[in-house]
Amino acid sequence: MADGSSETKSSNQMWGGRFASGPDAIMEEINASIGFDKKLYAQDIRGSVAHATMLAHQGIISAEDKDKIVHGLDTILSEIESGAFEFSRRLEDIHMNVEARLATLIGPAAGRLHTARSRNDQVALDFRLWVKEELQKTERALTALISAFLDRAEEHADTVMPGFTHLQTAQPVTFGHHCMAYVEMFGRDRSRVRHAIEHMDESPIGAAALAGTGFPIDRHMTAKALGFREPTRNSIDTVSDRDFALEFLSIASIAATHLSRLAEEIVIWSTPQFGFIRLSDAFSTGSSIMPQKKNPDAAELVRAKTGRINGSLIALLTVMKGLPLAYSKDMQEDKEQVFDAAESLELAIAAMTGMVRDMTVRADRMKAAAGSGYSTATDLADWLVREAGLPFRDAHHVTGRAVALAEQKGCDLADLSLADLQSINPAITGKVFDVLTVEASVARRTSFGGTAPAEVRKQIAWWRARN
Ligand code: ARG
């Protein structure tokens, strides 16, 4: 593209007389955003094509100028995509880089493109288009993750594992049921994504600097051409709003938090002590010194990405708080946060989808763990209520004594003899042993949303119809 001297000239022309001597190095350093906003080149060019087409349609610029502009923009697009385009920091941002190149390519007609628009509505447009696409990508990625979980849940609807509270064995559940808990979480994340797309589906272009314009533009036409539902309704709000970016980051933070909890479970489950799962080699690493080790690195990194994503949300919230309406340059700091969070989230979801699909579930280990730790104590208490007519509080007390006795004997509840149990409460009969196995325990929990395999299969079918 332009050499150093003509570059200075074109940048000075853009800035106008007051900055005729050129910004000094520090100003250039703090002011330039091209280093990161070049990511918006495709959106910028799309927006300009739609704007120029509308200007010509409304008779604001001539059809010839529009054709030159659109042709020039096409050339610039291929130059950028082939790597031939030289970005210049002197030209500050993607908008001025594209416009300056257009001037070199097509001459004075380039100057007509910026009629009835400002960089304020231009950047709002470019960034919205980018975030909207990213939300759509996130929606698809979450769908793939949910589908991986549905497959594992179906496969393991009958696999019994210990359910935990306080990370202490609580009651037996099925692995399928546990998987479906994540389906619910990621399903809510996806519905938040869908709502965010709905909120932000309005076109900013035509708000101009902040007050709108006197040119007879057609904002409905540009909105339609760019795939938005409608134009935004308030030009001041349009150039000062970044809550579409904040909404993306909040959704990303919540989803990352869900991913991080899953990552933590994977880390715990894959320890030799738990041994509930084995990770595939693809998602783990060996140790350079301890040959027996298999480390869950991918899960750990997903857990760590959450910190970055949450950090981006807090950073942008802090940038935006206290900004008077309408545009302030502070808002240029919105992009890197969103770009970084988007990249981290995409990677984290992909890694998790891979881990969920690839991990080996060790049903034998899960079942053995489910049976220890007196996990069917609640079933004994429930039996005493149902079959022996005890009030639940008394049944709880009797069960506590049975657990204490088993502990003292070093055995599980199901290993106590009938005589042992009757010594605690004579109303207990041999039938009680039917409820003390982990399979019986989960099979009985048929309440809506409960862990019984039949109920879990219903939940899977419900989600399959919606995924
Ligand atoms: N690079 C700027 C940004 O990202 C574009 C908008 C500049 N607008 C202005 N009035 N200086 O926010």
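Okay, here's what the table says:
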quantity: Å² of accessible area per residue within the range 158-302, as computed with a 1.4 Å probe and no ligands counted; calculated: 45
quantity: Sequence-distant residues sharing a close amide H with residue 285 (under 5 Å, placed H); calculated: 295, 297
quantity: Accessible area expressed per residue, the range 323-365, with surrounding protein chains retained (probe 1.4 Å, Å²); calculated: 43
quantity: GluC sites (Glu not before Pro) within the range 45-108, DSSP loop, no more than 16 other Cβ atoms inside 10 Å; calculated: 86
quantity: Solvent-accessible area, 1.4 Å probe, carbon plus sulfur percent, for the range 158-225; calculated: 55
quantity: Solvent-accessible heavy-atom area per residue, rounded to whole Å², over the range 419-467 at 1.4 Å; calculated: 53
quantity: Loop-located trypsin sites (Lys or Arg not before Pro) in the range 221-271 whose Cβ has at most 10 other Cβ within 10 Å (DSSP); calculated: 233
quantity: Accessible-area composition of the range 20-88, carbon plus sulfur, in percent [1.4 Å probe]; calculated: 54
quantity: Integer Hz, Karplus 6.51/-1.76/1.60 couplings in order for the range 179-194, x for Gly and Pro; calculated: 4, 5, 4, 5, 4, 4, 4, 6, x, 5, 4, 5, 6, 5, 4, 5
quantity: Mean residue ellipticity (222 nm) of the chain, computed from DSSP H runs ≥ 4 via -39,500 (n - 2.57), nearest 500; calculated: -20500 deg cm²/dmol
quantity: Computed over the range 412-467, Cα set: Rg, Dmax in Å; calculated: 16.8, 53
quantity: Backbone HN-Hα couplings from phi across the range 386-392 [Karplus 6.51/-1.76/1.60, Hz, Gly and Pro as x]; calculated: 6, 9, 10, x, 6, x, 4
quantity: From phi via Karplus (6.51, -1.76, 1.60), per-residue ³J(HN,Hα) for the range 94-107 in Hz, x at Gly/Pro; calculated: 5, 5, 6, 5, 5, 5, 5, 5, 4, 4, 5, 6, 10, x
quantity: Evaluated at q = 0.10 Å⁻¹: base-10 log I(q)/I(0), Debye formula over Cα of the chain; calculated: -0.84
quantity: Cα gyration tensor shape of the range 262-323, rounded if a/c is under 1.5, else prolate or oblate by comparing a/b with b/c; calculated: prolate
quantity: Amide H contacts under 5 Å for residue 163, placed H, 5+ residues apart; calculated: 170, 171, 173
quantity: 0 to 90° range, to nearest 10: angle between helix 243-269 axis and the chain longest Cα axis; calculated: 30
quantity: Distance from the range 213-250 to the range 379-425 (C-alpha centre basis), Å; calculated: 66
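The values are calculated or read from the model by the stated rules, or taken from the named source; none is laboratory data. Computed from a predicted model, the values in this text were never measured in an experiment. Note that we place each Cβ from the backbone using ideal geometry, even for glycine, and neighbour counts take in every protein chain shown. Side chains are part of the model used for accessible areas, which takes the heavy atoms of the whole protein and leaves out ligands, DNA and RNA. Shrake-Rupley method; radii C 1.70, N 1.55, O 1.52, S 1.80 Å.
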